[in-house]
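Take a look at the structure below.
Quick note: the coordinates plus some simple rules give every number you see, no bench work behind them. Model, not experiment: these values are computed from the prediction. Neighbour counts are summed over all protein chains in view; Cβ atoms, including those assigned to glycine, are modelled from backbone coordinates with ideal geometry.
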Amino acid sequence: MQVEETPLKDCFLVKPNIFKDHRGIFLETYHRKRFAELTGIDTEFVQDNQSVSSYGVLRGMHYQKGEFAQTKIVRVIYGKVLDVVVDLRPDSPTFKQTYSAILDDQNLHQLYVPKGFGHGFLTLSAKSVFGYKCDNYYTPGSEGGIIFNDPDLNIDWDFPFKEMVLSDKDRDLPTFKEVFG
């Protein structure tokens with residue numbers, strides 16, 4: 001496993017070791033002890049989630065608030081997505097900054113997303129299967145979000161807006177200023 005720091009504090013791109021032969025591939029998707037040795041962060045994950053999306057589906061920008069905030073490690077099991085995070089921790093030196101990475105079933109990269117970050121992704125393939133480990137249980141009353149095209153965040157989705165498929169909930173999320181003033 002290789003772990004690379006992203007420009008955002010405490011956020012890491014994780015590149016697992018992939019073993020290929022005539023039968024296919026094998027990889028270890030997570031190793032708690034090794035990850036802690038490489039990052040100094042020891043996270044205990046308690047819930048795994050999976051979503052399936054079609055081309056153009058944008059999910060985000062989501063987060064959990066307060067005591068129910070979640071650290072996540074996300075990956076694409078099948079397909080290809082543009083994965084985007086934003087640091088929403090007001091005391092962080094990278095507050096309000098964003099980072100994006102292509103995650104797909106070829107590079108098998110993963111993104112470690114710490115508590116206090118907003119997260120979203122856009123499916124770039126015909127279908128994507130997206131998995132994420134969480135260190136806290138999902139709690140509906142603690143959900144938060146910021147609209148994906150917020151001008152203050154200036155996220156470059158590099159995708160035609162008219163082809164994006166959003167839920168009503170994601171389309172109606174508040175702006176950064178409405179949440180953070």
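Which one of Asp158, Asp135, Asp42 has the biggest mean-square fluctuation once the chain is modelled by GNM with Cα springs under 10 Å?
Result: Asp158 has the largest fluctuation of those listed.
I'd like the GluC sites (Glu not before Pro) in the range 20-78 restricted to DSSP loop residues with at most 14 other Cβ atoms within 10 Å, sorted by number. Intermediate results must be reported in sequence, preceding the final value.
Details: sites: Glu28, Glu37, Glu44, Glu67; in loops: Glu28, Glu44.
Loop-located and lightly packed - Glu28, Glu44.
Please sort by residue number the trypsin sites (Lys or Arg not before Pro) in the range 1-67 whose DSSP state is loop and whose Cβ has at most 12 other Cβ atoms within 10 Å.
Arg23
Over 27 Å between C-alpha atoms is what I'm after, so list which of Lys72/Lys169; Lys33/Lys96; Lys65/Lys133; Lys72/Lys127 land there.
Listed pairs above 27 Å: Lys33/Lys96.
Among Leu103, Leu124, Leu111, which one shows the highest mean-square fluctuation when the chain is modelled as a Gaussian network with alpha-carbon springs under 10 Å?
Comparing Leu103, Leu124, Leu111 in a Gaussian network model of the chain, the most mobile one is Leu124.
Taking the Cβ of each residue in His109, His31 as the centre, tally the other Cβ atoms inside 10 Å and list the residues starting with the fewest.
Listed from fewest to most nearby Cβ atoms, that is His31, His109.
Calculate the dipole size of the range 44-180 relative to its Cα centre from +1 charges on Lys and Arg beta carbons and -1 charges on Asp and Glu beta carbons; express the result in debye to the nearest 20.
Values: 14 positive and 19 negative charges, 28 e Å.
Dipole size: approximately 140 debye.
Name the shape class, rounded, prolate or oblate, that the alpha-carbon gyration tensor gives for the chain, where a ≥ b ≥ c are the square roots of its eigenvalues, rounded holds for a/c under 1.5, and otherwise prolate holds if a/b is larger than b/c and oblate otherwise. Each step should come with its number before you reach the end.
Numbers: a/c = 1.74, a/b = 1.23, b/c = 1.42.
Oblate is the answer for the chain, as a/c is 1.5 or above yet b/c matches or exceeds a/b.
Got the relative contact order for the range 44-180 handy, in percent, Cα pairs under 8 Å and 6 or more residues apart?
38 percent
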